[in-house]
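The structure appears right after this line, and notes come after that.
What follows is calculated from the coordinates using simple rules that are stated; it is not laboratory data. Just so it is clear, the structure is predicted and the values come from calculations on it, not from any experiment. Cβ coordinates were reconstructed from backbone atoms using ideal geometry, including for glycine residues, and neighbour counts include every protein chain displayed.
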Amino acid sequence: MTDTAVPQIGVVAIGRNEGERLRRCIRSMPGGLAALVYVDSGSTDGSVEFARKSGAEVVALDMSTAFTAARARNAGLDRLLALHPALRYVQFVDGDCELAEGWLGVAHAALATDPKLAVVCGRRRELAPQASPYNRLCDMEWDTPVGEAEACGGDALMRLSALREVGGYDPSLIAGEEPELCLRLRRSGHRVLRIEHEMTRHDAAMTRFSQWWLRNVRAGHACAEGYHRYGGGPERFNRQRVLSNLAWGFGLPATSAVLALPTLGSSLGLLGLYGLLYKRVRDHRQQAGDSSGDAALYARYLVLGKLPQAQGVLQFHYRRLRGKQSKLIEYK
C-alpha cells in the first residue's frame, strides 16, 4: 500500500548528532507530507543544516533547560500544530530510524477504523542486527506481539485529538515516556494497537558492553519512576518488573554476600538460582520459536541485565529521596 494518506499526516523526528542516520531518516519520508518537523537537541555535526536543506521545519531546543526526548517531542508537536492547526495525525520517529515504505498509509487506515484508537505502531527492525550481540538483542526486543497493546515505543502514528486530550508527553521523564503516555491514553478510554506491518528500521549502533549496561540502567530507572507514579493503580504499572529487578539484581546477590561469612560460604550457593532463571528464559524463547543460539543469547543477557536494571531502580529512589531531579542517562 502506498502512502496516499500522507497529506493528513505530519511527522516529528527528534535527534542529536545522528549524522548519516538522520540523513537516512529524512530521506525515508514520503512526498506529500503535511509537514516534517525536526527537533534538534544541540547537534554539532551539521544535522540542523542538513534538515533545513532537506525542507524540514527545524526546532532547536534551548539546551539551558534539561533535555528529554519527551520535551523534544512536545516541542515538535507544538510547531507542527502552529503550522497546521487542523492536522489530525502525527507520526513520531527517532532520528536514528527510517520509515518503512507504505507504513503511513497502512497505519492511517487502521486509525480510521475506530475513533477510540489513539496509537498505531508496527514492526521496528534493527538495521544491522548481526553487527553486535547488543544490536541483535535490540532486534529481538522489538519483536513484540501484535494486537491490543499497553504501550508503543518512540515510533508510532498517533491521533492528535487524543494526544492533546491527555496533555502530550510528560517532559520531566528522562525515559519511559511512551508507556507513561499510553497509560494515560488508555485510562482516558483510548486504545493502543500494534499491527503486523513494517514500520521503521532502527540503527542502535551498540558495539560496547558499557553501552548495553547504561541502556539497562536507564530501563530500570524508567520502570521505577513509572511504578512510583502509577503502581498503586489498578494496572499495577511496572510492579512485576521492578520487583523482579530488585529481587534478582540486588536482593539475591546481597543476601548471598551478607550471609557468606556466617554460613561459611554456603550462602553463595544461592547464586545457582541464576542458572535456573537462565534455563527457564532460554527454554521459553525456544518454545516461542527462537533458534537455540538466539534463545541462549537472550536468556544470558536478560539474567545479567537484572544487575544494571536494579542499579537504575536504586538510582531513581536515591535521587528522589534526596529531592534531586533525575538526569538523562545516555548510552550513545
Could you calculate the contour length gain from GLU49 to ALA254, that is, 0.36 nm times the residue separation minus the distance between their Cα atoms, to one decimal place in nm?
68.7 nm
Taking just the alpha carbons, could you work out the radius of gyration and Dmax for the chain, both in angstroms?
20.9, 72
Magnitude of the Cβ-charge dipole (Lys and Arg +1, Asp and Glu -1) of the chain about the Cα centre, nearest 20 debye, reported as 980 debye
Amide H of ILE9: which non-local residues (sequence gap of 5 or more, or other chain) have their own amide H closer than 5 Å, using H built in the peptide plane?
ALA34
Solitary cysteines of the chain, where the nearest other Cys Cβ is not under 4.7 Å:
CYS25, CYS97, CYS138, CYS182, CYS223
As I understand it, the dipole of region 6-206 uses +1 on the Cβ of Lys and Arg and -1 on the Cβ of Asp and Glu, about the Cα centre. Which of THR113, ALA72, LEU193 lies farthest toward its positive end?
THR113
Of the residues CYS152, PRO7, GLY305, the Cα lying farthest along the dipole of the chain towards its positive end, which is defined by charges on the beta carbon of Lys, Arg, Asp and Glu, belongs to GLY305
Based solely on its DSSP helices, what 222 nm [θ] is calculated for the chain when runs of n ≥ 4 H residues each add -39,500 (n - 2.57) and the sum is averaged over all residues, nearest 500 deg cm²/dmol?
-14000 deg cm²/dmol
Going down the list LYS53/LYS327; LYS306/LYS327; LYS53/LYS332, which pairs span over 23 Å between their C-alpha atoms?
LYS53/LYS327; LYS53/LYS332
Could you compute how fast region 19-69 diffuses translationally, taking Rh as the Kirkwood radius over C-alpha pairs and applying Stokes-Einstein at 37 °C with viscosity 0.692 mPa s? Give it in µm² per second.
280 µm²/s
Along the three principal axes, how long is region 244-331 when you take its alpha carbons, biggest first, rounded to the nearest angstrom?
46, 40, 18
At 7 Å along Cα-to-Cβ for each site, give me the label-to-label distance between SER291 and ALA128 in nm.
1.9 nm
